[in-house]
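First up is the structure itself, then whatever we jot down about it.
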Amino acid sequence: MKNKPVHIILILNKIISLFLLLFLVISTPYSICYANSDPYPKNQKIDVLNYVFNITLSDEKDEIFCEEIIDLRFVENGIKKIRLDLVNASNESNGKGMKVIDLLSNNKKLKFIHENNNLYIFLNTASKKNDRVQFKIIYRGIPEEGLYIGDNKYGDRTFFSDNWPNRARHWLALIDHPSDKAKCEFVVTAPDHYQVISNGLKIEETHLDGNKLLTHWKQSVPIAPWLYVLGVAEFAIQYFDEFKGKSLQTWVFKQDRDAGFYDYSNPTKNALEFYENNIGPFSYEKLANVQSNSVSGGMEAASAILYSDKSVVGDRNERWRNVIIHEIAHQWFGNSVTEFSWDDIWLSEGFATYFTLLFIEHEYGRDEFIKGLKSSKKTVDNFHKKYPDYTVIHNNLKDMKDVTSVQTYQKGSWILHMLRGLLGTKIFWKGIRAYYLKYKDLNASTKDFKTIMEEISGKDLTKFFDQWLYKPGNLVLDGVWKYEKNLQEITLELKQVQKGNVIIEMPIEIGIDYGENEYKIEKINLKQLNRLYKIKAYKEPLNVIIDPNMWVLKNHTLKKIKSS
């Protein structure tokens with residue numbers, strides 16, 4: 001019975017919306033087309049500069065109320081309508097979703113249509129390029145996704161965002177696409193027994209009448225929508241250190257105070273120092289590690305990282321240590337330098353995975369680094385057996401459930417490692433610093449990254465990027481070797497036996513082990529499916545090893561045969 005009035009209201013609202021749509025189509029020179037070949041369209045005619053989300057939360061109900069202010073700039077002349085992402089309440093979602101109450105600009109009401117999870121705003125006059133406009137959108141509703149409202153593991157009520165990858169639209173009106181980065185502010189009014197964490201700096205905390213607390217966080221660096229974060233809970237909070245004048249913080253459930261303060265404080269500062277020293281400046285105003293019950297692993301929200309409630313155990317174990325390192329690496333790649341398109345998600349996940357290994361190599365030693373590479377390779381191989389045609393870079397991704405896979409993480413990481421081996425460590429780091437400097441707080445594509453690495457190295461990397469990122473498959477070698485004593489040389493025959501007769505071109509090291517600590521490295525170039533290589537050797541080696549330093553992602557066999 002309780003759902004029946006809501007159902008009737010929704011039907012009436014839909015009829016009214018359809019009537020308004022018909023009226024606008026007839027009375028205006030423009031119309032709306034809901035069909036779009038890109039289910040996650042970029043909104044390149046406008047550039048949002050800043051969002052202010054004035055949100056009210058309560059303990060009595062899960063409905064949120066928001067007065068949102070959007071400040072944007074027009075990129076083109078003649079724009080008469082604006083489209084934003086905002087999931088609307090519907091029968092299919094049992095009434096969950098947002099309902100727009102009013103929409104204004106300069107205190108004047110504007111016509112709008114909110115349907116099919118799009119919010120269309122109709123302007124009174126056509127835009128002029130570079131003009132700025134500000135809108136106020138007033139809405140309310142119960143989020144189906146995006147903002148998780150419920151009890152944590154201790155039975156305490158909490159509110160936590162989970163915007164990845166395109167779920168911010170379930171509770172925020174915005175352009176929910178990584179190509180549109182904007183500053184943001186969260187002004188949250190909640191019962192005063194909660195503490196509130198969000199992006200950027202806290203600029204106000206005021207007790208209000210009625211046992212309410214207003215908390216205002218301001219993010220002054222533009223970020224993509226999935227990186228907007230909100231956490232509201234009864235927290236234990238520790239300001240445990242500073243990094244170049246920026247606060248390092250821990251926010252955990254009050255029951256996990258001791259274990260959480262211990263777990264989250266390490267290796268946070270060391271990771272920040274390593275990445276800033278090797279890549280470039282940390283972009284954000286603070287770094288907070290936050291325990292939540294909205295994510296199962298880690299979520300790299302800018303300046304306030306969310307971790308699973310299970311991450312707090314009080315022993316600084318390796319698994320969660322590595323998650324912290326990974327999410328901090330994302331502050332540079334994914335957060336500051338953000339992929340322009342979901343097709344290039346490896347620029348986020350592959351980079352964070354490899355730079356986690358690079359910090360591990362720096363902090364914990366080469367053996368731990370190699371262990372990580374081997375683990376990643378095993379994951380890549382297993383995935384490839386199941387999905388042999390999978391490519392790291394997507395081709396016009398249509399379904400967001402496919403945005404990531406272990407290949408975007410693990411194979412993406414290995415591709416960066418191979419690039420480092422190809423260019424040399426010094427040139428690799430120089431290219432990474434140049435890439436970060438150019439695209440810091442902006443968007444980038446794989447093409448942009450390739451261009452920078454080519455400029456720095458002086459090498460044409462077209463073949464490398466094409467075969468590892470845009471095409472499927474892994475390198476598989478089958479080889480034999482023998483020593484020709486009369487010629488004092490090793491004959492090495494290598495066949496590429498990966499499926500499809502696809503030739504992978506790569507330099508690869510060959511280790512010559514003479515024993516008694518005498519070791520030699522030769523480098524050959526793989527360019528054919530089957531090739532003989534002649535390597536000078538003054539005596540017969542004990543062993544010949546393919547890729548002894550693990551620079552190439554491959555599987556191989558190599559056997560010694562008798563000389564003729």
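Here are the numbers for this structure:
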{"item": "Net charge over other residues, Cβ less than 14 angstrom from the Cβ of Lys202 (K, R count +1; D, E count -1)", "result": "-1"}
{"item": "Other-chain or far-sequence residues with amide H under 5 Å of Ser220's (modelled H)", "result": "Leu201"}
{"item": "Nearest-10 value in Å² for the accessible area of Leu542, using the 1.4 Å probe", "result": "120 Å²"}
{"item": "Efficiency of FRET between Glu505 and Asn117 - r from beta-carbon atoms, R0 45 angstrom, step 0.05", "result": "0.50"}
{"item": "Calculated from backbone phi, Karplus (6.51, -1.76, 1.60) coupling profile of the stretch 55-67 in Hz, x at Gly/Pro", "result": "10, 10, 10, 9, 8, 7, 8, 8, 5, 9, 10, 9, 10"}
{"item": "Packing-based ranking, highest mean first, of 513-519, 358-364, 253-259, 409-415 given that Cβ atoms within 10 Å are counted", "result": "409-415, 358-364, 253-259, 513-519"}
{"item": "Environment charge at Tyr154 (Cβ cut-off 11 Å; Lys +1, Arg +1, Asp -1, Glu -1)", "result": "-2"}
{"item": "Distance histogram for the stretch 308-354 (every C-alpha pair counted, 5 angstrom bins, percent rounded to whole numbers)", "result": "5, 22, 25, 16, 15, 11, 5, 1"}
{"item": "Linear extension gain, Arg257 paired with Ile101, 0.36 nm per residue minus alpha-carbon span", "result": "52.1 nm"}
{"item": "Qualifying lysines (Cα of each under 17 Å from Cα of Lys499; at least 8 residues distant if same chain)", "result": "Lys385, Lys386, Lys471, Lys527, Lys554"}
{"item": "Euclidean distance between Cα centres, the stretch 397-445 to the stretch 62-88, Å", "result": "32 Å"}
{"item": "Kirkwood Rh (inverse of mean 1/r, distinct Cα pairs), the stretch 455-564, angstrom", "result": "15.1 Å"}
{"item": "Stretch gain in nm, segment Tyr239-Lys471, where the contour uses 0.36 nm per residue and the Cα spacing is subtracted", "result": "78.8 nm"}
{"item": "Ranked by how many other beta carbons lie within 10 Å on average, peptides 57-65, 168-176, 326-334 from highest", "result": "168-176, 326-334, 57-65"}
{"item": "Amide proton proximity set for Gly146, modelled H, under 5 Å, gap of 5+", "result": "Asp162"}
{"item": "Helix runs (DSSP H) in the chain reaching 30 Å along axis by Cα, Kyte-Doolittle at least 0.0", "result": "3-27"}
{"item": "Cut-off under 5 Å, modelled amide H: who pairs with Leu526 long-range", "result": "Met506, Ile508"}
{"item": "Cα centre as origin, Lys/Arg/Asp/Glu Cβ charges: the stretch 357-412 dipole, Debye", "result": "240 debye"}
{"item": "Accessible area per residue in Å² at 1.4 Å probe, computed on the chain", "result": "45 Å²"}
{"item": "Calculated FRET efficiency for the pair Asp389/Lys539, C-beta based, R₀ 56 Å, to 0.05", "result": "0.75"}
{"item": "Dipole moment magnitude, nearest 20 debye, the chain about Cα centre, only Lys, Arg, Asp, Glu C-beta charged", "result": "1680 debye"}
{"item": "Carbon and sulfur %, accessible surface of the stretch 434-523 computed with the full protein complex present, 1.4 Å", "result": "47 percent"}
{"item": "Spread of Cα-to-Cα distances over 5 Å intervals beginning at zero, given as percent, for the stretch 73-159", "result": "3, 12, 19, 18, 15, 12, 9, 6, 3, 2, 1"}
{"item": "Members of Lys80/Lys438; Lys218/Lys430; Lys430/Lys520; Lys183/Lys310; Lys426/Lys459; Lys482/Lys539 lying beyond 23 Å, as alpha-carbon distances in this model show", "result": "Lys80/Lys438; Lys218/Lys430; Lys430/Lys520; Lys183/Lys310"}
{"item": "q = 0.10 Å⁻¹, the chain: log10 I(q)/I(0) [Debye, one scatterer per Cα]", "result": "-0.90"}
{"item": "Residues of the stretch 513-533 with amide N under 16 Å of a point placed 7 Å along Cα→Cβ from Asn549", "result": "513, 519-525"}
{"item": "Under Karplus coefficients 6.51, -1.76 and 1.60, residue-wise ³J(HN,Hα) of the stretch 107-121 in Hz, glycine/proline x", "result": "6, 10, 6, 10, 6, 8, 10, 10, 7, 6, 6, 10, 10, 9, 10"}
{"item": "In sequence order, calculated HN-Hα J values of the stretch 221-236 (Karplus, 6.51, -1.76, 1.60; Hz; x Gly/Pro)", "result": "10, x, 9, 6, x, 5, 8, 5, 9, 9, x, 10, 6, 8, 9, 9"}
{"item": "DSSP bridge pairs, the stretch 40-133: antiparallel proportion in percent, nearest 5", "result": "95 percent"}
{"item": "Over the stretch 515-564 - Rg/Rh using Cα atoms and the Kirkwood inverse-distance radius", "result": "0.93"}
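The values are calculated or read from the model by the stated rules, or taken from the named source; none is laboratory data. Everything quoted here is computed from the prediction, not taken from an experiment. No Cβ is skipped: glycine too gets one built from the backbone with ideal geometry, and neighbour counts run over all protein chains shown. The area values use the complete protein model at the heavy-atom level, side chains included, leaving out ligands, DNA and RNA. Shrake-Rupley method; radii C 1.70, N 1.55, O 1.52, S 1.80 Å.
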